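Novice: The structure under discussion is supplied below as structure tokens; questions concerning it will follow.
The values are calculated or read from the model by the stated rules, or taken from the named source; none is laboratory data. Because the structure is a prediction, the values reported are computed rather than measured. Here the Cβ is made from the backbone with ideal geometry for all residues, glycine too, and neighbour counts use every protein chain on show. For accessibility, only protein heavy atoms count, side chains too; no ligands or nucleic acids. Shrake-Rupley method; radii C 1.70, N 1.55, O 1.52, S 1.80 Å.
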Amino acid sequence: MERSQSLFRCMEDGNQFLDGCPVSSIREVFEDGSDVYIGDITIGRETPERTWVGPEDVDNLKKPVGDPTILYTVGDYLAPTHHRRGIMSTALRTIIDEWAIPRMNCQRITATAFAGNVASVGVFKKVGFEHVRDVSDAMNLPSGRGGHLMSVHLLEWVCK
């Protein structure tokens, strides 16, 4: 909430570009006006600690807001009850087209999907991401999810 308020203040102050997106929740709204949380989507700067970040992006966190060379990353989650309806690809396309490009000057985004997660890879490809490579033992799962290393598919989107 604080992050969102900070970004909105930056907009009100007339800043041309912002360093993030103030919304992340995906909600289903019913006819009676009630709603329920069904997922989220976040976009932020990629951290140089990731094994796939190249030398050209080692100073990614130090670049000024709006710098077109910033490498961003996107993460998403959608409740299984809402899979295979086009919801996530629509949300991702909207975040990129309506926010990340015009408000963040976003030109490149990475995304990862756990090895074997064909559906997630499909969502990213539908929006224009391309498979870059597979990275072995790239992410450490929290202890509640097994606490072991997982391999990932690395994808990248480049603004055209």
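Novice: For Gln5 and Thr81, calculate 0.36 nm times their separation in residues minus their Cα-Cα distance, and state this gained length in nm to one decimal.
Specialist: Going from the current span to full extension adds 24.3 nm.
Novice: Another one. Once the other residues with Cβ under 12 Å from the Cβ of Gly39 are scored (Lys, Arg +1; Asp, Glu -1), what is the net sum?
Specialist: Overall, the nearby charge balance is -1.
Novice: If I build a Gaussian network model for the chain, linking alpha-carbon pairs within less than 10 angstrom, which residue out of Val36, Val58, Val123 has the largest mean-square fluctuation?
Specialist: Comparing Val36, Val58, Val123 in the GNM, the peak value goes to Val36.
Novice: Let me know the whole percent of all Cα-Cα pairs from the chain that are separated by more than 26 Å.
Specialist: Numbers: 3980 of 12720 pairs.
When all Cα pairs of the chain are counted, 31 percent exceed 26 Å.
Novice: I'd like the FRET efficiency for Val132 and Glu31, computed as 1/(1 + (r/R0)^6) with the beta carbon distance as r and R0 of 41 Å, rounded to 0.05.
Specialist: Rounded to the nearest 0.05, the efficiency is 0.45.
Novice: Here is a follow-up. At 1.4 Å probe radius, can you tell me the per residue accessible area of region 58-160 in Å²? Can you show the working numbers first?
Specialist: On the way: 5670 Å² over 103 residues.
On a per-residue basis, region 58-160 sits at 55 Å².
Novice: Report, in deg cm²/dmol and to the nearest 500, the calculated mean residue ellipticity at 222 nm for the chain, where each DSSP H run with n ≥ 4 adds -39500 (n - 2.57) and the sum is divided by the residue count.
Specialist: -5500 deg cm²/dmol, from helical runs alone.
Novice: Per the 1.4 Å probe, what fraction of the accessible area of the chain, in percent, lies on carbon and sulfur atoms?
Specialist: 53 percent
Novice: Related question: Mean separation of Cα pairs under 8 Å and 6+ residues apart, divided by the residue count of region 1-62: what relative contact order is that in percent?
Specialist: 22 percent
Novice: What is the spin-label model distance, in nm, from Lys125 to Cys159 if the labels are put 7 Å beyond Cα along the C-beta direction?
Specialist: In this crude spin-label approximation the distance works out to 2.6 nm.
Novice: Tell me the relative contact order for region 7-130 as a rounded percent, counting alpha carbon contacts under 8 Å between residues six or more apart.
Specialist: Relative contact order of region 7-130: 24 percent.
Novice: If you don't mind, there's one more thing I want to ask. Find which of Gly33, Val118, Ala138 sits farthest along the positive direction of the dipole of the chain, computed with +1 on the beta-carbon of Lys and Arg, -1 on that of Asp and Glu, about the Cα centre.
Specialist: The residue sitting farthest along the positive end of the dipole is Val118.
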